[in-house]
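All remarks here apply to the structure that follows.
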Amino acid sequence: MIAFGPVPSRRLGKSMGINNIPLRKVCSYSCIYCQLGARQKSSTERETFYEPQTIRDSVESLLGRISPADKPDYLTFVASGEPTLDANLGKSIRLLKGFNIPIAVITNASLLSDPVVRENLMDADWVSVKVDTVTGNVWRRINRPHPSLTLNLVMEGIKRFAADFKGTLVTETMMLEGFNDNPEAIQSTSDFILQLKPSKAYIAIPTRPPAVSSVKPAGSENINMAYQIFSKKGLKTELILGFEGKNTGYTGNAENDILNISSVHPLREDAMDELLRKDNADFSTVEKLIREGKLIQLEYEDKKYYIRYYR
Ligand code: SF4
């Protein structure tokens, strides 16, 4: 199955997935948190998997079978592996443009030092690049790259792509306990991301069983710290904690609003007070959510924050 879904995606709305890598997980990385499991073919060689017309036919067929209400907001290359390993990616993107649905690509960005790969992505409308760390030994431990890759070249490639790409660029940083969740690591990662001028910087945690079972998501204190450090630098930052949260604003239902908003970003105490006031609720709602294990209170630089509890 090449085209699948559409599936609801917080970042992309209704997203029709395109798996342009037919073999079981072909990737240039072997991330310890990969949800596709440990078995894979490690490669940096681009190859032909499907003909672009085959991908187009699969998308067309699925579009013909779904109801008009399910029309996707994006056609998203989200492969069982690294989508830019597909030598036909650029052609496929151009062909799919004919559907007049924006095209998204979620890439580990490791091949962006190749000008052809950068060129292939230029026709996409939305691209997410992975930036978990900018420290070589941490990169090797988290992303376990193919031996032919070097971090300097990967970072240079990402910078060049970010400078040239006219669509929406976002970054994704997976925060892992004991790897990249200390203040120095977060500072250096966010400094690099700032140079890319992304529309949004997403901070994520693994929410499905990781390839290496001992891998743990960063704790809430460090997730909050990362959010504050990223935001202070001027990065428009959102959290991906595995909940379908949304910046819904004030709906009159304080519980739902708190859970939705605190899944996307920590609520500082003054923002929480404001939310409760607008929703005609009081602090007992917050206490109830904390008691139920759905919300956690944290402190950072003498301020209280509330974040959706995830572990
Ligand atoms: S880049 Fe993505 S597909 Fe490849 S190993 Fe990492 S998480 Fe898995």
Among 87, 307, 297, whose Cα projects farthest towards the positive end of the dipole of the chain, with charges put on the beta-carbon of Lys, Arg (+1) and Asp, Glu (-1)? 87
Taking a ≥ b ≥ c as the square roots of the Cα gyration tensor eigenvalues, with a/c under 1.5 meaning rounded and otherwise prolate when a/b beats b/c, else oblate, which class fits the range 1-136? prolate
Given the range 1-51, what whole percent of its Cα pairs are spread farther than 16 Å? 55
For the range 3-240, count the residues as N, evaluate 2.2 N^0.38 Å, and divide the Cα radius of gyration by that value, please. 0.98
Using only the alpha carbons of the range 155-272, determine the length spanned along each of the three principal axes and report them from longest to shortest in whole angstroms. 47, 37, 24
Here the gain from full extension of residue 114 to residue 45, 0.36 nm per residue of separation minus their alpha-carbon distance, amounts to 23.7 nm
Neighbour cut-off at most 11 other Cβ (10 Å), DSSP loop, trypsin sites (Lys or Arg not before Pro), the range 109-182: 166
For the chain, cysteines whose Cβ has no other cysteine Cβ within reach (under 4.7 Å): 27
How many angstrom separate the Cα center of the range 137-192 from the Cα center of the range 2-34? 20
Violations at 29 Å Cα threshold for listed pairs 71/232; 71/288; 97/130 -> 71/232; 71/288
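Bear in mind these aren't lab numbers, they're just calculated from the coordinates by the rules spelled out. Keep in mind that this is a model prediction, so the values were computed, not measured. All Cβ positions, glycine included, derive from the backbone under ideal geometry; neighbour counts span all protein chains shown.
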